[in-house]
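Take a look at the structure set out below.
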Amino acid sequence: RFGESFWGFLPRTVLGSLRSAWHLEKTRLNRQGRSPWTLRNDVLNAWAMSVVLFAALGLAFGPGILAYLFLQAVFGFCLLEVVNYIEHYGLLRQRTASGRYERCAPRHSWNSDNVTSNVLLYHLQRHSDHHANPTRRYQALRHFEGIPEMPTGYAGMIVLAYFPPLWRRIMDRRVLAHYGDDIALVNIHPAKRSAVLTRHGAAA
């Protein structure tokens, strides 16, 4: 959300993703007449596989390795979430006259057509095409003109996101420019709405 730092986004998305995943699996299993407390629950079986893997590595290399496994797990999900943050910051799908959200399109996520990074990451940074066409293979993702474009590749953007004042200085004006300076179209963080409108309200 516009005005939300990565450090504010991180706990919200981790806890929200956990709740959402559990709700989806519970709903799916309920439709099959099953309890969510089963290894058919993809949330539980993923956790179980992690516990088994960590236990096996602990037995093989000693309990001292568990601290490193914990740190790499935290780093892993933090890396995933900072990528989610930079890919969607401030952008919003508008509601149609029917009250439903408009269909996902390339303009609804940030793209980075950086040649070196895309070669190394299998075109992951052409995220706008993936967003609009999730079944297209990564190596076949395309670039579009006129969509939100990051100023650098993912590596630079990830580092930038760790420093909120620098992030806002570079990205806030890009969000506004994408929407033609219409702040009413921006996905504003509710807690920061008043401050954002005070600062950018003249653009509405």
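The values are calculated or read from the model by the stated rules, or taken from the named source; none is laboratory data. Owing to the predicted nature of the structure, the values given are computational and were not obtained by experimental measurement. As a convention, Cβ positions derive from the backbone with ideal geometry for all residues, glycine included, and neighbour counts pool all protein chains shown. SASA here: full protein model, heavy atoms, side chains in, ligands and nucleic acids out. Shrake-Rupley method; radii C 1.70, N 1.55, O 1.52, S 1.80 Å.
Structure notes:
- Accessible surface ranking for 117, 17, 1.4 angstrom probe, highest first: 17, 117.
- Ligands, DNA and RNA are left out, and with a 1.4 angstrom probe the accessible area of the chain is 62 Å² per residue.
- Rounded percent of accessible protein surface that carbon and sulfur make up, the chain, 1.4 Å probe: 62
- Across q = 0.17, 0.20, 0.22, 0.24 Å⁻¹, region 104-201 modelled as identical point scatterers on its alpha-carbon atoms has Debye log10 I(q)/I(0) values of -0.83, -1.05, -1.17, -1.27, in the order of the q list.
- Whole-percent P(r), region 129-175, all Cα pairs, 10 Å bins from 0: 22, 41, 30, 6.
- In terms of Cα atoms, the Rg and Dmax of region 32-83 work out to 14.3, 43 Å.
- Label separation (residue 177 vs residue 18): 3.9 nm, computed from points 7 Å beyond Cα along the C-beta direction.
- Here's how it looks for residue 149: its modeled amide H is under 5 Å from those of 111, which are all 5 or more places away or on a different chain.
- For region 1-69, chymotrypsin sites (Phe, Trp or Tyr not before Pro) are listed when DSSP marks them as loop and at most 14 other Cβ atoms sit within 10 Å of their Cβ; the list is 37.
- Neighbour-limited loop hits for trypsin sites (Lys or Arg not before Pro), region 81-157 (at most 12 other Cβ within 10 Å; DSSP other than H, G, I, E, B): 100, 103, 137
- The calculated pair-distance distribution of the chain uses every alpha carbon pair, bins of 5 angstrom beginning at 0, and gives 1, 6, 11, 14, 16, 16, 13, 10, 6, 4, 1, 0, 0 percent.
- Restricting region 121-172 to chymotrypsin sites (Phe, Trp or Tyr not before Pro) in coil, as DSSP defines it, with at most 14 other Cβ within 10 Å: 122, 162
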